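Note sheet for the following structure.
Read the figures in this text as sums done on the coordinates, not as results from a lab. Computed from a prediction, not measured in an experiment: that's the story for all the values here. Methodologically, a virtual Cβ is constructed for each residue, glycine included, from the backbone with ideal geometry; neighbour enumeration extends over all protein chains shown.
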Amino acid sequence: MTIRSARATAHSNIALVKYWGKRDGADPALNLPAVGSLSMTLDELRSVTELHADTADRFVLDDVMLTGKPATKVFAHLDLMWRRSGWPSARPPCRVVSTNHLPTAAGLASSASGFAALTVAAAGAFGLATKLGDANDPVRGVLSALARQGSGSAARSLWGGFVRLDAGSDDQGRDCIARPIQPRDHWPLKLLVVHTARGAKAIASTGGMESSRLTSPYYPAWVETSPADLDAAEQALAQRQLALLGEVMEHSCFKMHACMLATRPPLVYWNGTSLEVIRAVWLARERGLAGWVTSDAGPHVKVLCDAGQATELARVLAAVPGVHEVQAVAPGPDASLELL
């Protein structure tokens, strides 16, 4: 079989209702989340991945040839995609060339966009898909489930706008399915991405999740209360109730970080600037400049706000000492595939 060259673009997403932890007792290869999540796909933050036939497996990320664990994970995912494509022979060698238009491994969901783009590119190169239709194309659902096995949040990056991923209960993950719930033009919102550090974070998410599951006394409550947050956020999103959506979002974020802090040893992803940005958002809200905070497993803070207030709120947050940059990002598009 001849591998076709393919290029895929997938955008990062930020969970407004958080995902943290893997399902207890599930097959690790399925990468099933313990809780569902609801996310906003981001317009500018994206990964572009090309896949080509080669004489040996090679993985190039941001113009650097990578080996070891990062490459092993990428090619294990290609093996999964090859098997799913139905070819009886061993997978031929591939060259994967990926560019992240966002910081890598810094808490900005580069793994979501990266594995979603890798999944889509492999589907095109291996003949599993020749094109991606609109948001209702069932092929996206199939690829979303496959992307989840590379990175849990990657399941949501197959779609633009706002996406919900349910944890499900089936032991094979058949009901752990992402689905679009609102298109990108549903509501003129902005997410301010407040960069409070440079470089990769010190603690990887996968290991942190497992530590929380095993040692945090707050972890059971985190899992138990998540479904109500998902339903409340989806309703607020549908009704364009920003204050209600923001309240649910902040509550989900701080529950997750409380679970992290109670882990042994504690997981502290924030730095001092992260906390000062959070305080600045709350103070601005008291003064009528309304934004709501969320933060993933990293030091950066994200602030959801109305597009009309984004410029002024970004100016306020950029003035916080230690802030490197503030990006105002709109809801982004669906993942795309191009056969080369």
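Some points to look at:
- Between Leu16 and Leu38, Ser39, Met40, the built amide H atoms are under 5 Å apart, and every one of these is 5 or more places off in sequence or on another chain.
- Long-range HN-HN contacts of Gly161 with modeled amide H, under 5 Å: Thr41, Arg184, Gly332
- Among beta bridges that DSSP assigns inside the chain, antiparallel share in %, nearest 5: 90 percent
- Ascending count of other beta-carbon atoms within 10 Å, so fewest first, for His324, His257: His324, His257
- Relative to the current alpha-carbon distance between Thr225 and Gln241, full extension at 0.36 nm per residue lengthens the span by 3.7 nm.
- Counting beta carbons within 10 Å around each of Leu146, Leu230, Leu158, Leu66 and listing the fewest first gives the order Leu66, Leu230, Leu146, Leu158.
- Tensor-based shape of the chain (alpha-carbon gyration tensor, a/c under 1.5 rounded, otherwise prolate or oblate): prolate
- Relative contact order of the chain, taken over Cα pairs closer than 8 Å and 6 or more residues apart, is 25 percent.
- When both region 24-59 and region 1-23 are represented by their alpha-carbon centers, they are found 4 Å apart.
- Sorted by Cβ neighbour density within 10 Å, fewest at the top, the residues Trp222, Trp187, Trp282, Trp159: Trp282, Trp187, Trp222, Trp159
- Spread of Cα-to-Cα distances over 10 Å intervals beginning at zero, given as percent, for region 189-329: 12, 39, 35, 14, 0
- Region 288-331: C-alpha gyration tensor shape, a/c 1.5 cut-off, then a/b vs b/c: oblate
- Environment charge of Ala125, counting only residues whose C-beta is closer than 15 Å and scoring Lys/Arg +1, Asp/Glu -1: +3
- At R0 = 45 Å, FRET efficiency that the Cβ-Cβ distance of Arg264 and Thr67 yields, to 0.05: 0.85
- With Rh defined as the Kirkwood radius, the inverse of the mean 1/r over Cα pairs, the Rg/Rh of region 1-147 is 0.95.
- Taking the Kirkwood radius as Rh and the Cα radius of gyration as Rg, region 1-52 has a ratio of Rg/Rh equal to 1.14.
- Distance from the alpha carbon centroid of region 180-224 to that of region 67-91 works out to 27 angstrom.
- Rounded to the nearest 10 degrees, the angle from helix 272-286 to the longest Cα principal axis of the chain is 60 degrees.
- Between helix 219-238 and the chain there is an angle of about 90 degrees, using the helix long axis and the longest principal axis of the Cα atoms.
- Counting 0.36 nm for each residue step from Glu325 to Asp79 and taking away their Cα separation leaves a gain of 84.7 nm.
- The stretch between Ala56 and Leu275 holds 74.2 nm of extra length on full extension. This uses 0.36 nm per residue minus the Cα-Cα distance.
- Mean ellipticity per residue at 222 nm, deg cm²/dmol - from DSSP H runs of n ≥ 4 across the chain, formula -39500 (n - 2.57): -12000 deg cm²/dmol
- Flagged links, alpha-carbon separation over 25 Å, of Lys69/Lys302; Lys255/Lys302; Lys69/Lys190; Lys131/Lys190; Lys18/Lys201; Lys201/Lys255: Lys69/Lys302; Lys69/Lys190; Lys131/Lys190
- Charge-dipole axis of the chain as Lys and Arg at +1 and Asp and Glu at -1 on Cβ define it, positive-most pick from Gly68, Gly114, Val329: Gly68
- Residue ranges 37-45, 10-18, 273-281 sort as 10-18, 37-45, 273-281 when ordered by packing (mean number of other C-beta atoms within 10 Å per residue, highest first).
- Net charge contributed by nearby residues that have their C-beta within less than 13 Å of Arg264 (K/R +1, D/E -1): 0
- Degrees, to the nearest 10: 138-150 long Cα axis against longest axis of the chain: 80 degrees
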